[in-house]
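Report on the structure given below.
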Amino acid sequence: MESNFTNRDIISITDFTREEILYLCEKGMDMHNLEMHGRRNDLSDKLRTRALSSMFYEPSTRTRTSFNTAARELGMQVDGFSGTEGTAVMKKETIRDTVMMMGANHFDVIAMRHPLDGSLQWAADVADIPVINGGDGKNEHPTQSLLDLLTLYRFNDKKLDGLNIGFGGDLSHGRTIKSLSLALSHFKNITIRWAAEDFLGMPKDLEGLLESRGVKVIREESVRDVMKGIDFYYMTRPQLERMQNVTQGEIMEMMKKYRIDLEKVEGFDVKVMHPLPVNSEIAEIDYLVYFSPVQGFFPQAEFGIFARKALLYEMLKHDEYIQFSGKLADDLEFGNNRLKRATREETKKGMFIDKIIRGTVIDHMGKGTAQMIAADLGLEDKGYDSIPAYLSENDKSFLKTNLRELTERELKKIAKISPDPTISYIEDGKVADKFVYLLCKNDNCVTGVVNEDVPSKFYNDEGTIRCRYCRKPYDITNPKVSDKEREGFISLLPKKIEQIRP
Amino acid sequence: MESNFTNRDIISITDFTREEILYLCEKGMDMHNLEMHGRRNDLSDKLRTRALSSMFYEPSTRTRTSFNTAARELGMQVDGFSGTEGTAVMKKETIRDTVMMMGANHFDVIAMRHPLDGSLQWAADVADIPVINGGDGKNEHPTQSLLDLLTLYRFNDKKLDGLNIGFGGDLSHGRTIKSLSLALSHFKNITIRWAAEDFLGMPKDLEGLLESRGVKVIREESVRDVMKGIDFYYMTRPQLERMQNVTQGEIMEMMKKYRIDLEKVEGFDVKVMHPLPVNSEIAEIDYLVYFSPVQGFFPQAEFGIFARKALLYEMLKHDEYIQFSGKLADDLEFGNNRLKRATREETKKGMFIDKIIRGTVIDHMGKGTAQMIAADLGLEDKGYDSIPAYLSENDKSFLKTNLRELTERELKKIAKISPDPTISYIEDGKVADKFVYLLCKNDNCVTGVVNEDVPSKFYNDEGTIRCRYCRKPYDITNPKVSDKEREGFISLLPKKIEQIRP
Amino acid sequence: MESNFTNRDIISITDFTREEILYLCEKGMDMHNLEMHGRRNDLSDKLRTRALSSMFYEPSTRTRTSFNTAARELGMQVDGFSGTEGTAVMKKETIRDTVMMMGANHFDVIAMRHPLDGSLQWAADVADIPVINGGDGKNEHPTQSLLDLLTLYRFNDKKLDGLNIGFGGDLSHGRTIKSLSLALSHFKNITIRWAAEDFLGMPKDLEGLLESRGVKVIREESVRDVMKGIDFYYMTRPQLERMQNVTQGEIMEMMKKYRIDLEKVEGFDVKVMHPLPVNSEIAEIDYLVYFSPVQGFFPQAEFGIFARKALLYEMLKHDEYIQFSGKLADDLEFGNNRLKRATREETKKGMFIDKIIRGTVIDHMGKGTAQMIAADLGLEDKGYDSIPAYLSENDKSFLKTNLRELTERELKKIAKISPDPTISYIEDGKVADKFVYLLCKNDNCVTGVVNEDVPSKFYNDEGTIRCRYCRKPYDITNPKVSDKEREGFISLLPKKIEQIRP
């Protein structure tokens, strides 16, 4: 078994094949074995001149320290930031500028966390050096999944096939369980049992996906029912900060039934895992469980070192460093976000259209949005004509302006107010170009933050359009888009996101 | 002279014997001598693969940097945090979880500061690796004492016996002077002279303790009177943040008489020490003194390096690293906080008692507290019966409930509202168990923070009950506790806190 | 060509000669060449036991990381702080105490940023070890200039003579362009072209100074006009935080004419430079320019590494480390701020003067200031007589008090309320000493922060009195000071600021 992680971006655990997961588990076990034999520092000269850039836009102690330790034991140097308080200058600085600045500082690899979904794919796109996702918004955190898999591998006799695992706590709002269960779906005879309140339970679409891949998913009545059929119980913290209309008090009441205490584990030979930290007030794992033999979350924390140490070593064990290019690749300039529409039609005469000889028509927008857009683009202030209008017959707004043509920032502003607008550029009174502008509809996606100038980009995931950055599926809502036009658009999209650098 | 600091927790300077202090002073002088001979980096390969975890829950530059430098010159690596802004996730994370997480990260030693008294003893209890107290609340800061002692040792011809030292500034609110003078009480012919406002002066109990150990303590009228009889003047900063009902302006007026300026030191051959920083507004040491030959606080600051370098070296010079166990020791599970009371008595009939067949009576509480406790425990919300009552005849409240039995968190909540409650568990209408629950009464003690789950624990310090964590003496206020019961309780307590790890 | 940077403080680019700039450019090119030949780490053992103290009182990622990388590639260790949130104790701590504390921590060099102008010269004065200015307020940032010069040197065929450079953005509020153009004024045939709004344009006094040194400065109508005659276009960010009465919206409108977009650079073979970060909202450089061949700011960022690596290496390549003295030099005790006035005159009789036998008269102050000063010094509270008076005939206030004599802090407080006061000390009813107290009038100068106790000090810059710390020119406004007295004062001042340590 050989795999190549040199120069590879680590963005999502779903990018890993079964073989790659097993390979990294084996390499992680090598690191574990060194530790067990008093040889923690055997590799401490291996990467002595290599450096890790630790860019944590959101505060972190746990993940950051784990990366630091992994790097330290390989002899690497670490530098960076944690939280943006000490880096106020960055408030108006784009991710692109900061990542390039780090590249200019001769690091060999970046480990980064950022509050925006998809921000890490963007960082990987602009960086010359490989990037490891340490958490992008609510999206992905692949090294957490790797350490979970390594822990299971270790305590399941060095295999992942045939695993019986329980899930508890909050299966709905966190990314941990989703990522782990998708990774497990590569393996055979996996059974997942879970018990939780409905609104904290496993999402239907995830369950469907897992089952389509052969994973058995079973909902149980109680935690003890789950315990009966499993070897590992993966508990998670209710993600209060991502819930609405629920108080901490209400969650605490609910959790009484589902929190792990001595009573619930009594008589079972399981290992309780948890990504940590436990919420000390809810105490979804009772402190007495910390002292019982089922406690598996501290060993699991240590496996974070082994997993990350193996990963960094595999990424950097080659001898050459990557020189900073100082250039951005041309393919980052624009997105593939323009769904072409037919332009042979003449611009129809009508009550407004004859006013435009050269300009733009923005079409198929929701009621009341045309004026908002005119204001947001500042058309009047900038001296452009602007005719926002509403047609009651088809309940749609449109906007005409003699501004020709729109910048990407302007297009994004329009799409954020009214998704999937049809843009028509008019020359000599005729439509010269006509397209629907597509922008990811995920509110937290990095492409939607206008000032970041991340190109709106998509790929074709077996027929589903997905945002290149946050990977959310994209449904076109513009009613004028025909199936043929949609198919035409999809056919031009790349099939997958390539994570191996040239 | 040989001493063993391998695997030893450094929690309080009072844990050190005379011999240990002298041993560390000698080792500190070795470090000083290396520096003087241009050999600062002679040991820079000695601990090349060892790592210091620097966990500063409160901001620190001075102490943290000093530890870092000491570690650096021994070739050690350092990682950690300073202040919790960059680690927001930790707000609901227990000390236990964070310390274990650091242990999982393969550090060899922890240096930690935390705002709660006793938090460092707790960190030492849960950690597999040795812990150095860098300041726990207002409590202890043993390496500050060590560097003070080393400075005195150096400038007093390599001895501490016979020292004449003056104290000034604030002898009452800080820990520096208390710790230093207690450490000096191990030595012969120590004379302490001091001058300060009454409320900033040496506390009576400290003075008594020092005198009982043979230290001469003399209060003088003025700073110049102090200067007459001493070789070292240890000045400290008025701890405004720990005073009430006094304004900065008032302190500045008072300090005019006591601050160190050129006039006060003129003609004296003393060394002025100060733990730094000086408050630049009060200027308890005038800036002109900085340029005079009496200035001794900057050399003293450098001795912090030598003291800490010696300490770290002594702790880690053995070859083996400690593997992370991933387990918590069983003896951390519960405290020794239940003062057993006689249970042979039947539950007396009375107006309320016949209602309880199985449940709990909480007794001997202050007026009005029973209802507060019932509310705080949420008895009603959770569906338990709850009868809070007040007996005017003995002015005590009690609470009956059919909840059986109370968790440690519940017991702590009760004791925080009404100290030393008597708890009776009822089975079949009879008292099955009856005890007074003891919880340290120091408001800032780590055991009182319910969510931390630190066991309430005590030890027997020559007849005085002390909290294992903050070490404050404990007086039982429950009037029903007999001398015999108290003696019985004390007899079960450990005699001292063991700081050497197994 | 040989130059000596050992033990030299790096405070201002204006302290460097033409030869020194060229020397550092050559050394920077050596570092660049190592990188180009895959030898980034050739020097990684050279300074293995040396340490950089990174003291960033203001948050920084860019400059700090660049210093860190430079240090790392030389094998140095780095420690310090960024922002003062994690170091709250420092709020009342003087720069002097903190710098000395860092010195006590065995660093070999300090890189520091601080919000007060002149703070870095002060840090250099008190430190035993050399200090590099990483930005003092709005004042100086010499390593930014060095990296700019190195970038120009590299891309201008290894010479700086004959350079044609354009400036844009904000020439008025930032320090970058001022420092760079002054440094370029050492070289021959320099032409500067610029285009900007009036209030963002090149300050008249700077233009005059440059022209007096032979630099050709040409204002152009438009950015494209500038582009015609240049090889490098140095763009800068509008320093909104330093402007008043202008909104971001207004700036964005103005900048449309001056921001760099593809249209403005089309057809020109220039390199666009920028100190970064770009303001992502104003986008003074359009994102499409990032992908065009004119983009030169990311390579420029990397040259920050080469410049700083060369500088650190030149400063520290000697073998000996500097021992911490623990002492402050005597010449830091007081300033040279007392302009002596004639004292032979008897104290004139008058309505107030006969009241003072021994005391102080403060004279020649603005209307209404005498009472403010009496209050600010707290004369009454402290039990001193105080006679604030106003003479309508010459519209001046004066203050008499029997306090004799004033401390430096008191003198500073007076001068901050009423600049250039005449101080007369009275003994036996006669004037014993009479002087004007001079304190830098720059509101942001470190000497004006009373609690810092930085001596008010001046030097004679070819007839101009300048503050030693912020270097702003000093005009004496006290009308009683004669030309002769002024000349007498100047003649005693040092001619320049010596940056080479003894």
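The values are calculated or read from the model by the stated rules, or taken from the named source; none is laboratory data. For clarity, every value in this text was computed on a predicted model and none was experimentally measured. Counting neighbours? That spans all protein chains shown, and the Cβs are built from the backbone with ideal geometry, glycine included.
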Item to check | Within region A:415-431, tally of residues that are within 38 Å of the chain's Cα centre (by Cα), modelled with pLDDT under 95 and among the basic types (Lys, Arg) | outcome: 0
Checklist entry - When you look at B:Arg471, is it in contact (Cβ under 8 Å) with a residue 60 or more places away in the chain, within 30 Å of B:Arg113 (Cβ to Cβ) and crowded, with 20+ Cβ neighbours inside 10 Å, yes or no? => result yes
Item to check | Which listed residue, of B:Lys216, B:Lys178, B:Lys204, is among the basic types (Lys, Arg) and without any contact (Cβ under 8 Å) to a residue 12 or more places away in the chain | outcome: B:Lys204
Checklist entry - With respect to A:Asp269, is the statement that it is within 10 Å of chain B (Cβ to nearest Cβ), surrounded by fewer than 23 Cβ atoms within 10 Å (Cβ to Cβ) and either of a type in the set (Asp, Glu) or free of Cβ contacts under 8 Å to residues at least 12 places away in the same chain (or both) true? => result no
Checklist entry - So which of B:Asn4, B:Asn33 ends up being more than 8 Å from every other protein chain (Cβ to nearest Cβ), out of contact with any strand residue (DSSP E or B) (no Cβ under 7 Å at 6 or more places or on another chain) and more than 23 Å from B:Glu320 (Cβ to Cβ)? => result B:Asn33
Checklist entry - Got a sec? Which of C:His114, C:His141 is in contact (Cβ under 8 Å) with a residue 12 or more places away in the chain and closer than 22 Å to C:Gly335 by Cβ? => result C:His114
Item to check | Those residues of region C:334-390 which are of a type in the set (Val, Ile, Thr) and either touching a Pro at 6+ places or on another chain (Cβ under 6 Å) or at pLDDT 80 or above (or both), in sequence order | outcome: C:Ile357, C:Thr360, C:Val361, C:Ile362, C:Thr369, C:Ile373, C:Ile387
Checklist entry - Mind checking which residues of region B:38-53 are without any contact (Cβ under 8 Å) to a residue 40 or more places away in the chain and within 21 Å of C:Glu320 (Cα to Cα)? => result B:Gly38, B:Arg39, B:Arg40, B:Asn41, B:Asp42, B:Ser44, B:Asp45
Checklist entry - Among the listed residues B:Ser424, B:Ser386, which satisfies the condition of being within 27 Å of A:Glu263 (Cβ to Cβ) and in contact with a Leu (Cβ under 7 Å, 6 or more places away or on another chain)? => result B:Ser386
Next on the checklist: in contact with a His (Cβ under 7 Å, 6 or more places away or on another chain) and not basic (Lys, Arg): which single residue out of B:Asp136, B:Asp225 fits that description?
Outcome noted: B:Asp136
Checklist entry - Would a scan of region C:158-169 turn up a residue that is within 14 Å of chain B (Cβ to nearest Cβ) and either surrounded by fewer than 24 Cβ atoms within 10 Å (Cβ to Cβ) or modelled with pLDDT of 95 or more (or both)? => result no
Next on the checklist: Between a residue in region B:251-266 that is in the same structural domain as B:Phe199 (by TED's automatic domain parsing) and under 10 Å from B:Glu284 (Cβ atoms) and any residue that is basic (Lys, Arg) and outside any helix (DSSP H, G or I), which pairs come within a Cβ distance under 9 Å, given they are 6 or more apart or on different chains?
Outcome noted: B:Met252/B:Arg259
Checklist entry - For region A:360-376, which residues satisfy the criterion of being in contact with a strand residue (DSSP E or B) (Cβ under 8 Å, 6 or more places away or on another chain) and of a type in the set (A, V, I, L, M)? => result A:Val361, A:Ile362, A:Met365, A:Ala370, A:Ile373, A:Ala374
Item to check | Search result, residues across region A:326-345 that are surrounded by 14 or more Cβ atoms within 10 Å (Cβ to Cβ) and within 14 Å of chain C (Cβ to nearest Cβ) | outcome: A:Gly326, A:Lys327, A:Leu328, A:Leu332, A:Glu333, A:Phe334, A:Gly335
Checklist outcome for this item: Within region A:317-333, the residues that are part of a loop (DSSP other than H, G, I, E, B) and at pLDDT 90 or above are A:Lys317, A:Tyr321, A:Ile322, A:Gln323, A:Phe324, A:Ser325, A:Gly326, A:Lys327, A:Leu328, A:Ala329, A:Glu333
Item to check | B:Tyr287 within 14 Å of another protein chain (Cβ to nearest Cβ) and either touching a His at 6+ places or on another chain (Cβ under 6 Å) or modelled with pLDDT of 95 or more (or both) | outcome: yes
Next on the checklist: Suppose the filter is in a helix (DSSP H, G or I), within 14 Å of chain C (Cβ to nearest Cβ) and surrounded by fewer than 21 Cβ atoms within 10 Å (Cβ to Cβ); does B:Glu314 pass it?
Outcome noted: no
